Amino acid sequence: MRVNAVATVGLTESVLMIVYSIAIGLSIATTAMVARRVGEKRHKEAAVVAVQAIFLALSLALVIGISGGHLCAGHIKANGWRGILSQRRLWLHPDYFPG
């Protein structure tokens, strides 16, 4: 059981680093674009850039969340965990929460 937990951390950490990199890159780019517009005294264009960045971030979150949810079931079955997959939702067995 603990070997699966360590393997899970190893597998998910690489995916999380990619997601974090995308999020940090988007936030840095948005900050630079908004700061430039504000510095040029074009506040309406700065607001447009900010709103577009928010919609882009929400769209990326939706895509990553849906694709992660669909890939999760196959990953769980491949590792042989004792979770019950019901309607694409994972309900973990109480043994996975030691304490």
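The values are calculated or read from the model by the stated rules, or taken from the named source; none is laboratory data. It should be emphasised that the depicted structure is a prediction, and the values quoted were computed from it without experimental measurement. When we count neighbours, we look across all protein chains shown, and the Cβ atoms used for this are built from the backbone with ideal geometry, even at glycine. Side chains included, ligands, DNA and RNA excluded: accessible areas come from the protein's heavy atoms. Shrake-Rupley method; radii C 1.70, N 1.55, O 1.52, S 1.80 Å.
List of remarks:
- Residue within the range 79-97 that is modelled with pLDDT of 95 or more, surrounded by fewer than 13 Cβ atoms within 10 Å (Cβ to Cβ) and within 25 Å of residue 15 (Cα to Cα) present: no
- Output for the range 6-50, where each listed residue is touching a residue at least 60 places away in the same chain (Cβ under 8 Å) and small (Gly, Ala, Ser): 7
- Out of 71, 62, 58, 16, one residue alone is assigned to a helix (DSSP H, G or I), out of contact with any Asp or Glu (no Cβ under 8 Å at 6 or more places or on another chain) and at pLDDT 95 or above. It is 58.
Residues checked against (1) closer than 30 Å to residue 72 by Cα; (2) open to solvent by 80 Å² or more (accessible area, probe 1.4 Å):
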| position | (1), (2) |
| --- | --- |
| 17 | yes, yes |
| 20 | yes, yes |
| 26 | yes, no |
| 30 | no, no |
| 35 | no, no |
| 38 | no, no |
